[in-house]
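In what follows, a single structure is set out as structure tokens and then discussed.
The values are calculated or read from the model by the stated rules, or taken from the named source; none is laboratory data. Note that the coordinates shown come from a computational prediction; the quantities given were computed from them, not determined experimentally. Cβ atoms come from the backbone with ideal geometry, glycine included; neighbour counts cover every protein chain shown. What goes into the accessible areas is simple: the full protein's heavy atoms, side chains included, and nothing from ligands, DNA or RNA. Shrake-Rupley method; radii C 1.70, N 1.55, O 1.52, S 1.80 Å.
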Amino acid sequence: AAMYAGLQDLGVANGEDLKETLTNCTEPLKAIEQFQTENGVLLPSLQSALPFLDLHGTPRLEFHQSVFDELREKLLERVSVIALEGKVEERYKKLEDLLEKSFSLVKMPSIQPVVMCVMKHLPKVPEKKLKLVMADKDLYKACAVEVKRQIWQDNQALFGDEVSPLLKQYILEKENILFSNDISVLHNFFSPSPKTRRQGEVVQKLTQMIGKNVKLYDMVLQFLRTLFLRTRNVHYCTLRAELLMSLHDLETGEICNVDPCHKFTWCLDACIREKFVDNKRARELQGFLDGVKKGQEQVLGDLSMILCDPFAINTLALSTIRHLQDLVGQDTLPRESPDLLLLLRMLSLGQGAWDMIDSQVFKEPKMEAELITKFLPMLMAFVVDDHTFNVDQKLPSEEKGPIPYPSTIPEAFTKFLQENRIACEIGLYYILHITKQRNKNAFLRLLPALVETFSDLAFSDIFLHLLTGNLTLLGDEFALEEFCTSLFDGFFLTACSRKENVHRHVLRLLLHLHHKVAPAKLESLQKALEPTKQSGEAVKELYNQLTEKLELRKPSPAEVTETPSMELPLPAVPTPASR
């Protein structure tokens, strides 16, 4: 009854009226006929045609329903046309009048689409109507995103409830990629291009929810900043950049033109696509950083968040390693390369994002001189060591025998990795670089420095995800005791018990490479990696998968029993060739 209550407001009879008429009449059939005449389609030519439908056994309901559906379609089309034609004030006046007349029927399922369509085309639905929609769960659910935007922009809490599950889904998707069982050097976390990533479900949904509404865009950015501060999770920084670039793809000038980070993000996006910062783009990026005016320093907070995106850090770090190698070939020191200094400046700004947003002190972090004068030359010396060793190997060996690969690392290198965030990030990327080059000697030499690093960066998911991928290239080395002891006992197992994520990454690696590991070593690793009561479900699941794989590899009991009999001393009786 409540659903059809709106009809009475419009002077249209409903079921209740018919019930009342039939209750209080003496001749029900006449009353029904009269009701039909008064409320049917008032078209004189139709009256003679209706009996024809009766002859075909078509119920009146079916006829009226089809007429109703046809009229509703026409009305919906007309509303869309009105929304586009004539002067702005006039067209919206027509729609507002239509909304006023029809809104009382908004709960009537058959009419609801028309009311929703009218609201969708109104840039400003009257406040009173929005409140009524917001107060009714079903109406709120049924209304178009264009109407919801008008509700959300004045109800941050409600908007937050809509956005929150999407943000959780986004973080979960990122973590699933990092912990994926598919370990590959070719397809890793950083493989998808920025444009591909922006097609993801969450980014697309958020983009649609925001539309061209600057207020909603600002709200989402505020949510991302708050969550980044609360969790230190860098994936929120990725979403910040992806969202802006998704709006850029749609040419949403209303938002892109007011976001001061737009052009910087656009330029950086092109670098991330190429996984390298070339000279031309480096100049552009530097121009944006140098162009931050006095009084506008707050934009540094946003720029630092854009640079804290792991995809940006990855690009900057890879470019830094490439520059260092070029400098070795040019006999040039790091301090003499403006391009390298700019990369460090951006890395520093990105790595300082959390502190800057937390403290609300918006100025670029000071770069430590020793990073440039001592740490980077040290990395270059490692590159030179490799070149020297390779040349030595090719020279004809003299009496003194082959020159061994340098096995020690300068104490200063370990200290830098422990105390300086930027040095640690670049050091880790250098180790990824040598692993990718299958440089076992350099890897084993530098590995001990990873046990203690700044903020445990060497045990972070992104680094371990990349390292496990690159280690597949050194697969054959896993058969060697020395290599396994250095890698597992000397590095991974030092953190497994206190860091569940490390435990997961080691199990991922073994699931992929267990067949390469020497059996005795594999057995001791299996014991060492057994989950404890405190271990999470993910660790237990991976461990069970590994155990199953190892069981399958074991020879069957039949084979095992036969083996000893082969080892019994056979009597030395000459056997005839054939009987």
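Any idea which of Glu33, Glu77, Glu38 is of a type in the set (D, E, K, R) and closer than 20 Å to Cys117 by Cβ? I'd like the intermediate steps shown before the answer.
Numbers: Glu33 fails: closer than 20 Å to Cys117 by Cβ; Glu38 fails: closer than 20 Å to Cys117 by Cβ.
None of the others qualify; the one that does is Glu77.
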Is the stretch 195-206 home to any residue that is crowded, with 16+ Cβ neighbours inside 10 Å, of a type in the set (Val, Ile, Thr) and either closer than 30 Å to Leu268 by Cα or in contact with a strand residue (DSSP E or B) (Cβ under 7 Å, 6 or more places away or on another chain) (or both)?
yes
Considering Arg438, Arg445, which residue is assigned to a loop (DSSP other than H, G, I, E, B) and either of a type outside the set (Phe, Trp, Tyr) or closer than 22 Å to Leu510 by Cβ (or both)?
Arg438
Considering only residues that are modelled with pLDDT under 95, open to solvent by 80 Å² or more (accessible area, probe 1.4 Å) and over 30 Å from the mean Cα position of the chain (by Cα), look in the stretch 339-378 and name the one that is farthest from Arg240 (Cα to Cα).
Glu368
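Which of the helices (runs of 4 or more DSSP H) contained wholly in the stretch 129-189 include at least 2 residues that are in contact (Cβ under 8 Å) with a residue 60 or more places away in the chain, over 22 Å from Lys212 (Cβ atoms) and charged (D, E, K, R)? Break it down stepwise before answering.
Numbers: elements: 137-142, 145-152, 156-178.
Qualifying helices (runs of 4 or more DSSP H): 156-178.
Out of the residues in the stretch 96-116 meeting the condition of being part of a loop (DSSP other than H, G, I, E, B) and in contact with a Lys or Arg (Cβ under 9 Å, 6 or more places away or on another chain), tell me which one is nearest to Val81 (Cα to Cα). Full working, then the answer.
Kept after step one, since they are part of a loop (DSSP other than H, G, I, E, B), are these residues of the stretch 96-116: 106-111.
Restricting the remaining residues to those that are in contact with a Lys or Arg (Cβ under 9 Å, 6 or more places away or on another chain) gives 106, 110-111.
Working: Val106: 21, Ser110: 21, Ile111: 19 Å.
Ranking the qualifying residues of the stretch 96-116, first place goes to Ile111.
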Among residues belonging to the stretch 252-285 that are within 22 Å of the chain's Cα centre (by Cα) and farther than 17 Å from Cys308 by Cα, point out the one that is modelled with the lowest pLDDT.
Thr252
Between residues in the stretch 216-236 that are assigned by the TED database to the domain that holds Ile306 and residues that are among the small types (Gly, Ala, Ser) and at pLDDT 95 or above, which pairs lie under 7 Å by C-beta distance while being six or more apart or on different chains?
Phe223/Gly160
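Here is a list: Asp259, Asp278. Which entry is of a type in the set (Asp, Glu) and closer than 24 Å to Asp355 by Cα? Walk me through it before giving the result.
On the way: Asp278 fails: closer than 24 Å to Asp355 by Cα.
One residue alone meets the criteria, Asp259.
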Determine whether Asp290 is surrounded by 13 or more Cβ atoms within 10 Å (Cβ to Cβ) and acidic (Asp, Glu).
no
Residue pairs within 7 Å by beta carbon, gap of at least six or interchain, first lying in the stretch 12-29 and closer than 29 Å to Lys101 by Cβ, second outside any helix (DSSP H, G or I) and among the hydrophobic types (A, V, I, L, M, F, W, C), listed first then second, are Glu16/Ala1
Search the stretch 244-261 for residues that are buried (at least 22 other Cβ atoms within 10 Å of the Cβ) and pair each with any residue that is among the polar types (S, T, N, Q) when their beta-carbon atoms are under 6 Å apart and the residues are at least 6 apart or on different chains.
Leu244/Thr265; Ser246/Thr207
Consider Glu62 carefully, then state whether it is part of a helix (DSSP H, G or I), at negative phi and modelled with pLDDT of 85 or more.
yes
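Looking only at the stretch 22-56, how many residues end up being within 22 Å of Phe68 (Cβ to Cβ) and either open to solvent by 100 Å² or more (accessible area, probe 1.4 Å) or not aliphatic (A, V, I, L, M) (or both)? Don't jump to the end; show me each part of the working.
Keep residues of the stretch 22-56 that are within 22 Å of Phe68 (Cβ to Cβ), which gives 32-54, 56.
In the following step, the residues that additionally are either open to solvent by 100 Å² or more (accessible area, probe 1.4 Å) or not aliphatic (A, V, I, L, M) (or both) were identified as 33-40, 42, 44-45, 47-48, 51-52, 54, 56.
Total meeting the criteria: 17.
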Could you check the stretch 214-268 and list, in sequence order, the residues that are over 15 Å from Arg198 (Cα atoms) and among the small types (Gly, Ala, Ser)?
Gly253
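Kindly check whether there is at least one residue in the stretch 61-79 that is among the polar types (S, T, N, Q) and open to solvent by 70 Å² or more (accessible area, probe 1.4 Å).
Within the stretch 61-79, the subset among the polar types (S, T, N, Q) is 65-66.
Now narrow it down to the ones that are open to solvent by 70 Å² or more (accessible area, probe 1.4 Å): 65.
For the stretch 61-79, residues among the polar types (S, T, N, Q) and open to solvent by 70 Å² or more (accessible area, probe 1.4 Å): present.
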Mind checking whether some residue in the stretch 404-422 is over 23 Å from Glu336 (Cβ atoms), touching a Gly at 6+ places or on another chain (Cβ under 6 Å), free of Cβ contacts under 8 Å to residues at least 60 places away in the same chain and in the same structural domain as Leu447 (by the TED database)?
yes
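Determine whether Arg438 is out of contact with any Gly (no Cβ under 8 Å at 6 or more places or on another chain), among the basic types (Lys, Arg), open to solvent by less than 40 Å² (accessible area, probe 1.4 Å) and within 17 Å of Leu487 (Cα to Cα). Lay out the reasoning, then the answer.
Values: out of contact with any Gly (no Cβ under 8 Å at 6 or more places or on another chain): yes; among the basic types (Lys, Arg): yes; open to solvent by less than 40 Å² (accessible area, probe 1.4 Å): no; within 17 Å of Leu487 (Cα to Cα): yes.
When the stated conditions are applied, Arg438 does not pass them.
Matching residues to (1) of a type outside the set (S, T, N, Q); (2) assigned by the TED database to the domain that holds His121; (3) farther than 30 Å from Thr21 by Cβ; (4) in contact with a Pro (Cβ under 9 Å, 6 or more places away or on another chain):
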residue: Phe52; (1), (2), (3), (4): yes, yes, no, no
residue: Pro59; (1), (2), (3), (4): yes, yes, no, no
residue: Arg72; (1), (2), (3), (4): yes, yes, no, yes
residue: Arg78; (1), (2), (3), (4): yes, yes, yes, no
residue: Leu84; (1), (2), (3), (4): yes, yes, yes, no
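Just one of Glu27, Glu77, Glu20, Glu16 is in contact with a helix residue (DSSP H, G or I) (Cβ under 8 Å, 6 or more places away or on another chain) and either more than 24 Å from Pro126 (Cβ to Cβ) or of a type outside the set (Phe, Trp, Tyr) (or both); which is it?
Details: Glu27 fails: in contact with a helix residue (DSSP H, G or I) (Cβ under 8 Å, 6 or more places away or on another chain); Glu77 fails: in contact with a helix residue (DSSP H, G or I) (Cβ under 8 Å, 6 or more places away or on another chain); Glu20 fails: in contact with a helix residue (DSSP H, G or I) (Cβ under 8 Å, 6 or more places away or on another chain).
Of Glu27, Glu77, Glu20, Glu16, the one residue that is in contact with a helix residue (DSSP H, G or I) (Cβ under 8 Å, 6 or more places away or on another chain) and either more than 24 Å from Pro126 (Cβ to Cβ) or of a type outside the set (Phe, Trp, Tyr) (or both) is Glu16.
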Residues of the stretch 379-396 classified as in contact (Cβ under 8 Å) with a residue 40 or more places away in the chain and loosely packed, with under 13 Cβ neighbours inside 10 Å, total
2
